[in-house]
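Undergrad: The following block contains the structure, expressed as structure tokens.
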Amino acid sequence: PEVPQRPRPHRLKPGKTHRTAVLAELPEEQRAFAELALQGLAAVRTRVREENQKAAAENRPQMPEPTVMKMAEELLPKLRVAEWKDRAEAAQRQLAQLDLRDLRSVVASANDPIVARDESTRALAQELTDALATKQDEELQLWYGDVDAALAVGRVIRALRLSSQPPKAGVPFPADIAQRLI
């Protein structure tokens, strides 16, 4: 007999509200570098070098790399906080059907020193941390139930497959279910 399967959780789909607001505040000439800064300072450095090589080939003035890098470093904290807020608010909205991995990644990224330093993120980070603990416990109970249900109808291979994919790493398997699985 078939064991009903749970629907797959949804992946996180963050908006861009805060990020767009931060980018809108910037002067037009800084926006391109600000968007690149979100990919990392190495991306900014590479882009500046490429643009300088093109400028040198066309006999145009080159951009001063240290100045552009300093500007990108100054913009990065605001941008990272804005990007985290977008992800966190999306996680908060989608919490009921959100994949546990995505929620963990949002909570883990709240420990970033730049994000943790910002006053506006602390309360939201605490809410998401509490929600993560609750959701992990719920998922763990559902996992135990799924393995138990698969064993109850004789679907041993399915039970073994499920038993190898716990929702939280390092969780001890209950002895009674483990004995039945053996």
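The values are calculated or read from the model by the stated rules, or taken from the named source; none is laboratory data. None of the values given here were measured: they were computed from a predicted structure. These accessible areas exclude ligands, DNA and RNA; they are computed on the full protein's heavy atoms, side chains included. Shrake-Rupley method; radii C 1.70, N 1.55, O 1.52, S 1.80 Å.
Undergrad: Sort Ile157, Ile177 by heavy-atom solvent-accessible area, probe 1.4 angstrom, most to least.
TA: If we order Ile157, Ile177 from most to least accessible, we get Ile157, Ile177.
Undergrad: Would you mind classifying the range 1-52 by shape? Square roots of the alpha carbon gyration tensor eigenvalues, ordered a ≥ b ≥ c; an a/c under 1.5 is rounded, otherwise it is prolate if a/b is larger than b/c and oblate if not.
TA: oblate
Undergrad: If you wrap the chain's Cα atoms in a convex hull and average its projection over all directions, what's the area in nm²?
TA: With every direction weighted equally, the projected area is 14.7 nm².
Undergrad: Here is a follow-up. Would you please classify the overall shape of the range 79-128 from the alpha carbon gyration tensor, given that a ≥ b ≥ c denote the square roots of the eigenvalues, rounded means a/c under 1.5, and beyond that prolate means a/b larger than b/c while oblate covers the rest?
TA: Verdict is prolate for the range 79-128.
Undergrad: What shape does the range 27-84 take by its C-alpha gyration tensor, where a ≥ b ≥ c are the square roots of the eigenvalues and a/c under 1.5 counts as rounded, a/b above b/c as prolate, and the rest as oblate?
TA: prolate
Undergrad: Turning to a different aspect of this structure: Ignoring ligands, DNA and RNA, what percent of the 1.4 Å accessible area of the range 112-182 is carbon and sulfur?
TA: 55 percent
Undergrad: Just the number please: accessible area per residue for the chain, 1.4 Å probe, all protein chains included, in Å².
TA: 63 Å²
Undergrad: Got a number for the accessible area of Thr20? Probe 1.4 Å, square angstrom, nearest 10.
TA: Looks like 80 Å² after rounding.
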